Amino acid sequence: MVGGTSRAPGPAPSLPPGLRAPDSQDNGWNRVRKIYQRNERGEYSQEAEFLVKSAVTGALVGVVYGGVPAARFSREQYIKHSQTEVYRHRVEAVRSVHNAAIRGFLRYGFRWGWRVAAFVSIFNCVSTGLAAYRDKVVVSNFAAAGAVTGGLFRLSLGLRGLVGGSVIGALLGVPAGALITGLQTLTGEDLRERKRQEQQQWQEHQLQEWAARMSLTDAVVQEIQESSQETPEREVEKINELLQLPRQ
């Protein structure tokens, strides 16, 4: 009777590619890099989406803040300095006034828009990066972000402008940080803690799926091995049955 050969157990399966233990290789720079990288699901982080949305919002606010007063001022100045001009029709005069207002809106709206967008982007990038690196949201993150942003915007004025801008930016960053940390305290929810919990839940879900796939693979391999072991035995039984048949 033919029997199956025993198979030596293989090495213990390791974690699948793309998965890791929740606390392994978790340091400040890795957390900062993850802000600008896609996760395992192919999605950008919530921090990256917030940075883009805040930059767009800042640009729109800057356009409105700088464009609307400039349009009104340009309209008034055009009317003031065009009293002696003669127009063939009232529509032509109204169109000229509107064109002057539009030119003022576009000129100063664009100027204020990119400045506010740059200010908001630098401030949020620094504060978000510090929060990820230190793994906590504190007032000092926003103070440092305000100092960096203010210093960069006053860098063209020399060393004195750099120092003055940094001090003013730090002083303005403290109330913003106090407001955000106060809101977190009132709601009882820490942003970094929620981020860690979401990452841990995702890792546990992925590990459960991987374990289920591995168990299914082991079951299929075991069934194949059993079928390969039963086949020779069945053939031997068929041969014995043929030998026991009466001769004709």
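The values are calculated or read from the model by the stated rules, or taken from the named source; none is laboratory data. Quick caveat, the model's predicted, so the values are computed rather than measured. Cβ placement follows ideal geometry from the backbone for every residue including glycine, while neighbour counts extend to all protein chains displayed. Only protein heavy atoms, including side chains, enter the accessible area calculation; ligands, DNA and RNA are left aside. Shrake-Rupley method; radii C 1.70, N 1.55, O 1.52, S 1.80 Å.
Brief remarks follow.
- Restricting the first member to the range 83-102 and to residues that are under 30 Å from V63 (Cβ atoms), and the second to residues that are at pLDDT below 85 and among the β-branched types (V, I, T), the beta-carbon pairs closer than 9 Å and six or more apart or on different chains are V97/I79; A100/I79.
- Within the range 29-58, residues that are open to solvent by 90 Å² or more (accessible area, probe 1.4 Å) and of a type in the set (K, R) reach partners that are modelled with pLDDT under 85 and not in a helix (DSSP H, G or I) with beta carbons closer than 9 Å, at six or more positions or on different chains, in the pairs R38/Y44; R38/S45.
- When residues of the range 107-139 are limited to those that are of a type in the set (F, W, Y) and within 18 Å of the chain's Cα centre (by Cα), the one nearest to V68 (Cα to Cα): F123
- Filter pass, R95 being touching a helix residue (DSSP H, G or I) at 6+ places or on another chain (Cβ under 7 Å), open to solvent by 70 Å² or more (accessible area, probe 1.4 Å), modelled with pLDDT of 75 or more and part of a helix (DSSP H, G or I): no
- The single residue among K238, K195 that is modelled with pLDDT under 75, closer than 28 Å to G28 by Cα and part of a helix (DSSP H, G or I) turns out to be K195.
- The range 148-168: number of residues that are outside any helix (DSSP H, G or I) and either under 30 Å from the mean Cα position of the chain (by Cα) or surrounded by 16 or more Cβ atoms within 10 Å (Cβ to Cβ) (or both): 1
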